[in-house]
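These notes concern the structure reproduced below.
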Protein chains: 2
Amino acid sequence: MIIGVPGETAEGETRVALTPPVAGELVEDGHDVCVAEGAGEGADWKDDEYREAGCEVLEGRLDVFDRSDVVLHVRGLGADEEASTDRYSEGQVVVGLLGPYGLDGELKELADRNVSAFALELIPRISRAQSMDAVSSMDSVSGYRAITMAANSLPKMFPMEMTAAGTVQPAEVFVLGAGVAGLKAIATSERLGASTVANDVRPEVREEVESLGAEFVSVGDETEEMSDEEGYATEQEKSFEQKQKEMLMEVVPEADVVITTAAIPGRPAPQPITDEMIERMDPGSVVIDLAAESGGNCEPSRAGETVEHGGVEVRGPTNLPATIPQTASYLYSNNIKNMLDLLISDGEMDIDTGDEILDSTLLTHDGEVRAPHREDQGEDE
Amino acid sequence: MIIGVPGETAEGETRVALTPPVAGELVEDGHDVCVAEGAGEGADWKDDEYREAGCEVLEGRLDVFDRSDVVLHVRGLGADEEASTDRYSEGQVVVGLLGPYGLDGELKELADRNVSAFALELIPRISRAQSMDAVSSMDSVSGYRAITMAANSLPKMFPMEMTAAGTVQPAEVFVLGAGVAGLKAIATSERLGASTVANDVRPEVREEVESLGAEFVSVGDETEEMSDEEGYATEQEKSFEQKQKEMLMEVVPEADVVITTAAIPGRPAPQPITDEMIERMDPGSVVIDLAAESGGNCEPSRAGETVEHGGVEVRGPTNLPATIPQTASYLYSNNIKNMLDLLISDGEMDIDTGDEILDSTLLTHDGEVRAPHREDQGEDE
């Protein structure tokens with residue numbers, strides 16, 4: 001089987017879908033791996049390192065598309081034009097964070113070309129799938145980076161310090177949303193010695209938050225129905241939202257750092273943090289809105305920008321994993337390798353749509369649009 | 001007594017010599033405090049906060065010089081022109097990090113005006129002086145910031161992570177020099193979960209390094225004579241330097257992050273880290289040279305710049321405390337307050353040159369140039 005890595009085209013994307021060590025494992029498994037020149041550059045991997053791992057380095061990225069049975073991406077469909085499907089050919093398999101919620105006509109085109117496209121965003125949250133769960137591994141990197149970014153911007157130190165020149169109080173960090181990114185932000189904030197408070201609409205994460213040393217604040221009105229069967233937060237009722245805003249109006253102004261991570265896959269992010277809450281924070285405080293790409297959890301945040309709002313720095317980074325490309329590519333490559341191990345048996349592609357993981361992630365197959373994420377969302381699509 | 005804060009003029013200086021809370025304490029002690037408009041802005045303190053603390057806010061900073069018995073600076077002599085003494089008048093007291101090693105003719109001018117100038121750089125390392133030791137408090141802030149800066153630049157995560165997508169190895173951090181800045185860098189690196197190694201020419205700091213969880217590497221040839229009576233490192237012999245370079249040629253290329261902190265007060269920094277050592281580091285690695293201002297511990301570093309050398313980012317920050325102005329100003333204000341408590345008795349200035357702390361820091365007094373730091377350096381000045 002020929003496995004190809006054409007490299008990424010999105011602006012600022014530094015990750016690579018296969019690092020040389022993982023590519024080398026695939027070569028050892030008997031596959032041919034071809035990589036476009038410079039594909040690993042953003043993550044500091046050189047073409048020679050791919051060659052040493054037994055890969056072929058091709059000059060043009062289109063040659064990688066032409067040659068490969070399986071095309072691996074980090075992000076998007078990976079062609080020159082946004083979400084273009086022109087590069088794919090009959091029977092190809094494509095695996096990556098393909099952005100399924102943003103795809104529409106492209107799915108029909110992929111199906112017409114008989115492409116089997118797997119979107120890693122749709123990996124089910126079951127234990128067998130954890131090793132392929134690229135959303136979780138990337139969220140973990142984002143949560144870490146959100147804290148190092150905040151620590152590097154805040155005009156205060158994070159840890160409490162008892163010094164001869166007086167006691168420095170720890171920074172106060174508030175984390176909204178205790179999913180993978182939120183939990184990693186909490187853990188990193190605690191590591192650095194800040195005083196950390198977190199909230200999530202799912203009361204069952206309280207214990208996990210507290211086990212990291214942070215305080216859990218609740219609206220007092222949460223129910224188990226606030227997470228879906230996969231543990232993702234669901235959209236909430238109006239009355240709850242009101243109570244949540246009251247709680248946030250207490251907590252946010254006290255914080256030196258606010259990290260928000262409340263995104264709902266394929267939906268606009270809830271926006272419980274208002275302009276006014278942020279205006280009440282101390283000048284010099286820092287807000288990092290990890291949901292900025294889907295509209296933001298905070299009124300003033302703008303995707304990909306840093307805005308100043310009432311003396312507070314509000315950042316809306318859209319691709320934090322790309323700012324830690326070595327670790328992110330390492331984890332992502334392992335996710336990809338584990339996914340390929342499930343897809344390939346005895347050296348041959350063997351797509352078993354009865355497998356829950358494959359069934360959940362397979363956007364197009366056998367000439368048909370499957371789009372399993374649309375079923376999830378029911379009739380309002 | 002009228003105590004004045006004219007604010008800082010150095011480029012990029014965000015710290016303020018007195019925060020409103022500490023200014024308020026001086027007002028409660030019965031002093032008048034006057035502050036130039038906007039003096040606290042860089043550290044997010046507003047003029048109104050000074051007014052609420054009982055200070056007078058003056059429109060022009062020259063009015064602060066004209067009015068005050070004691071003039072407080074963070075850095076330098078604080079006038080518009082570099083190290084200008086024109087603003088000072090008969091009998092004034094000035095306290096700050098005045099940069100004594102760079103002063104020459106200015107000392108004569110200050111003495112002629114009968115100014116008593118205290119340079120906090122010269123605070124002796126005795127326990128009674130710790131609460132006034134602004135060099136230590138600022139070095140501590142620098143050591144912390146060096147790590148958050150490195151963590152925010154490095155393409156790897158700092159902590160070891162055991163994840164479903166594989167084990168992420170911890171970043172390798174090497175710290176050269178285990179003074180206050182080095183020890184804080186080591187502590188912060190360990191907090192963030194990196195694997196930390198440190199070296200210092202003074203073998204007696206091994207225990208302190210190890211108590212922070214880091215590994216101490218030595219040249220194997222150190223003696224107690226390598227620190228002076230105040231615990232500062234002294235200049236070393238050639239043969240030792242050779243052995244040190246051999247050790248560094250082993251350790252530096254293994255590191256993802258190198259933090260260098262080996263400065264000798266008033267002297268050019270030793271430069272044991274060569275171009276070649278840095279070229280052997282992995283691409284994407286980060287070097288932060290805290291000694292850049294006095295020439296740098298690393299051949300490629302340039303004061304105030306970030307240079308790329310062999311794929312490694314080499315930063316030479318010159319004023320890291322100013323990047324954490326709130327904490328740095330809090331600590332510095334407390335240092336200043338403790339120094340004033342020693343200088344003032346019963347509301348009157350009472351300079352006892354028999355006091356070791358005052359004797360060590362007093363550059364000019366009673367019409368004479370004292371320059372105690374010159375005596376320290378003996379006949380080679």
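The residues in the range A:248-263 that are buried (at least 16 other Cβ atoms within 10 Å of the Cβ) and farther than 15 Å from A:ALA150 by Cβ can be counted, and the count is 5. Each residue in the range B:92-122 was checked for being over 11 Å from B:HIS373 (Cβ atoms) and of a type in the set (A, V, I, L, M), and 9 pass. Filtering the range A:135-152 to residues that are of a type in the set (A, V, I, L, M) and within 8 Å of chain B (Cβ to nearest Cβ) leaves A:VAL141, A:MET149, A:ALA151. What do you reckon, is A:GLN271 farther than 29 Å from A:VAL22 by Cα and touching a Gly at 6+ places or on another chain (Cβ under 9 Å)? Taking the combined requirement at face value, the residue satisfies it. Contact map, the range B:239-266: first residue closer than 13 Å to B:LEU176 by Cβ and of a type in the set (A, V, I, L, M, F, W, C), second residue modelled with pLDDT under 90 and buried (at least 17 other Cβ atoms within 10 Å of the Cβ), Cβ cut-off under 6 Å, separation 6 or more or different chains; pairs are B:MET247/B:VAL219. Among the helices (runs of 4 or more DSSP H) confined to the range A:289-381, the ones with at least 3 residues that are within 14 Å of chain B (Cβ to nearest Cβ) are located at A:325-343.
Check whether at least one residue in the range B:60-75 is of a type in the set (Asp, Glu), under 29 Å from B:GLU368 (Cβ atoms), in contact with a strand residue (DSSP E or B) (Cβ under 7 Å, 6 or more places away or on another chain) and in contact (Cβ under 8 Å) with a residue 12 or more places away in the chain, and report yes or no. So far as the range B:60-75 goes, yes, one or more of its residues are of a type in the set (Asp, Glu), under 29 Å from B:GLU368 (Cβ atoms), in contact with a strand residue (DSSP E or B) (Cβ under 7 Å, 6 or more places away or on another chain) and in contact (Cβ under 8 Å) with a residue 12 or more places away in the chain. Annotation for the range A:217-235: at least one member residue is hydrophobic (A, V, I, L, M, F, W, C) and at pLDDT 95 or above. For the range B:166-185, a residue qualifies if it is of a type in the set (D, E, K, R) and out of contact with any strand residue (DSSP E or B) (no Cβ under 8 Å at 6 or more places or on another chain), and exactly one does: B:LYS184.
Can you find, within the range A:114-134, the residue that is nearest to the other protein chains (Cβ to nearest Cβ) among those that are buried (at least 19 other Cβ atoms within 10 Å of the Cβ) and of a type in the set (Val, Ile, Thr)? In this case the residue turns out to be A:ILE123. Among all positions in the range B:58-71, there is no residue which is away from chain A (no Cβ under 14 Å), surrounded by 20 or more Cβ atoms within 10 Å (Cβ to Cβ) and under 18 Å from B:THR327 (Cα atoms). For B:GLU276, the criteria (1) assigned to a helix (DSSP H, G or I); (2) surrounded by 15 or more Cβ atoms within 10 Å (Cβ to Cβ) hold in every case but one, which is (2). Looking across the range A:156-179 at every residue that is within 23 Å of A:MET249 (Cα to Cα) and in contact with a Pro (Cβ under 7 Å, 6 or more places away or on another chain), the one that is surrounded by the fewest Cβ atoms within 10 Å (Cβ to Cβ) is identified as A:PRO170. Restricted to the range B:159-194, and to residues there that are within 11 Å of chain A (Cβ to nearest Cβ) and in a strand (DSSP E or B), the residue that is farthest from B:ASP282 (Cα to Cα) is B:THR163.
Taken as a whole, the structure leaves A:ASP44 outside the set of residues that are among the acidic types (Asp, Glu) and surrounded by fewer than 17 Cβ atoms within 10 Å (Cβ to Cβ).
Just one of the listed residues (A:THR361, A:THR327) is crowded, with 18+ Cβ neighbours inside 10 Å, over 30 Å from B:LEU154 (Cβ atoms) and in contact with a Pro (Cβ under 9 Å, 6 or more places away or on another chain), namely A:THR361. The range B:9-125 holds helices (runs of 4 or more DSSP H) entirely within its bounds, and those carrying 2 or more residues that are closer than 24 Å to B:SER345 by Cβ and of a type in the set (Asp, Glu) map to B:20-28. Of all residues in the range B:129-167, which are in contact (Cβ under 8 Å) with a residue 24 or more places away in the chain and over 19 Å from the mean Cα position of the chain (by Cα)? Selection gives B:ALA151, B:SER153, B:LEU154, B:PRO155, B:LYS156, B:PHE158, B:PRO159, B:MET160. Of all residues in the range A:180-199, which are buried (at least 24 other Cβ atoms within 10 Å of the Cβ) and touching a Gly at 6+ places or on another chain (Cβ under 6 Å)? Those that are buried (at least 24 other Cβ atoms within 10 Å of the Cβ) and touching a Gly at 6+ places or on another chain (Cβ under 6 Å): A:ALA181, A:LYS184, A:ALA185. All told, B:ASP289 meets the bar of being among the acidic types (Asp, Glu) and buried (at least 24 other Cβ atoms within 10 Å of the Cβ). All conditions but one from (1) at the interface with chain B (Cβ under 9 Å from one of its Cβ atoms); (2) assigned to a helix (DSSP H, G or I); (3) touching an Asp or Glu at 6+ places or on another chain (Cβ under 7 Å) apply to A:LYS156; the one that does not is (2). With the condition kept exactly as written, say whether any residue in the range B:189-196 is at pLDDT 95 or above, among the hydroxyl-bearing types (Ser, Thr, Tyr) and not assigned by TED's automatic domain parsing to the domain that holds B:VAL219. Within the range B:189-196 (the criterion being at pLDDT 95 or above, among the hydroxyl-bearing types (Ser, Thr, Tyr) and not assigned by TED's automatic domain parsing to the domain that holds B:VAL219), the answer is no, since none of the residues qualifies.
The values are calculated or read from the model by the stated rules, or taken from the named source; none is laboratory data. Computed from a predicted model, the values in this text were never measured in an experiment. When we count neighbours, we look across all protein chains shown, and the Cβ atoms used for this are built from the backbone with ideal geometry, even at glycine.
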